[in-house]
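Some notes on the structure that comes next.
A short reminder: the numbers here are calculations on the coordinates, not readings from a lab. Note that this is a predicted model, so its numbers are computed, not measured. Cβ atoms come from the backbone with ideal geometry, glycine included; neighbour counts cover every protein chain shown.
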């Protein structure tokens, strides 16, 4: 699995999810399975099937989180010398529709509607390595936008 970029907050959130899944959900699902087994015939037991499916999903997510945590790179904005845009930078840019603020984050934390764009998205890739004052051409599915970088934090 390739390296995954996370903010300190995002990493904490992921660790908390792992704790929740292992310490709360896992035991709850085990109880559901035990209770369903006590009902008898498992071949037509919807509760048993549902609990086993929940167990499978939970265990898969636990393994996914563990693998992610093995390849984590913690990012933090603000310690960017030279003003070059890197993962963790927050930028203000304008493509002719008024200034927009973006934070460049790892894929797992991206939320474009909230201004958190992935370093692997077309716009995130285009901004990386640039500085304040640069104009960046971004190719998106809807066409080409030219962003003027106004600020880098």
**Request:** List the pair-distance distribution P(r) of the stretch 33-153, using every Cα-Cα distance, as the percent of pairs falling in each 10 Å bin from 0 up to the bin containing the longest distance, rounded to whole percents.
**Result:** 12, 32, 18, 13, 12, 9, 4, 0
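Subtracting the Cα-Cα distance from 0.36 nm times the residue separation, let me have the gained length for residue 53 to residue 8 in nm, one decimal. Present the calculation step by step, with values, prior to reporting the outcome.
Working: separation 45, 0.36 × 45 = 16.20 nm, distance 3.21 nm.
Fully extending the segment from residue 53 to residue 8 adds 13.0 nm.
At 25 °C and 0.890 mPa s, what whole-number value in µm²/s does Stokes-Einstein give for the translational diffusion of the stretch 98-149, with Rh from the Kirkwood sum over Cα pairs?
Numbers: Rh = 11.3 Å.
It diffuses with D of about 217 µm²/s by this estimate.
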**Prompt:** Based on the alpha carbon coordinates of the stretch 76-129, what radius of gyration and maximum Cα-Cα distance (Dmax) apply, in Å?
**Reply:** 10.6, 29
**Message:** Using the basic label-point model (7 angstrom from Cα toward the beta carbon), what is the residue 19 to residue 111 distance in nanometres?
**Reply:** 2.0 nm
**Message:** To test your reading of the geometry: what angle, between 0 and 90 degrees and rounded to tens, separates the Cα axis of helix 26-37 from the longest principal axis of the chain?
**Reply:** 30 degrees
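Taking 0.36 nm per residue of separation and subtracting the Cα-Cα distance, what length does fully extending residue 144 through residue 84 add? Mind showing how you got there, number by number?
Working: separation 60, 0.36 × 60 = 21.60 nm, distance 2.25 nm.
Working it through step by step, the gained length comes to 19.4 nm.
Stretched out fully, how many nm does the piece from residue 35 to residue 100 gain, at 0.36 nm a residue minus the Cα gap?
18.1 nm
Using R₀ = 22 Å, calculate the FRET efficiency as 1/(1 + (r/R₀)^6) where r is the Cβ-Cβ separation of residue 69 and residue 26; round to 0.05. Don't skip to the answer; put the middle values down first.
On the way: r = 17 Å, r/R0 = 0.77.
Approximately 0.80, to the nearest 0.05.
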**Request:** Arrange the following residues from fewest to most other Cβ atoms within 10 Å of their Cβ: 64, 109.
**Result:** 64, 109
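Provide the percentage of antiparallel DSSP beta bridges, counting only those with both residues in the chain; round to the nearest 5. Could you put the intermediate results ahead of the total?
Details: 16 of 23 bridges.
So the antiparallel bridges amount to about 70 percent of the total.
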**Asked** Considering every pair of different Cα atoms, what Kirkwood radius, in Å, is found for the stretch 1-102?
**Response** 17.2 Å
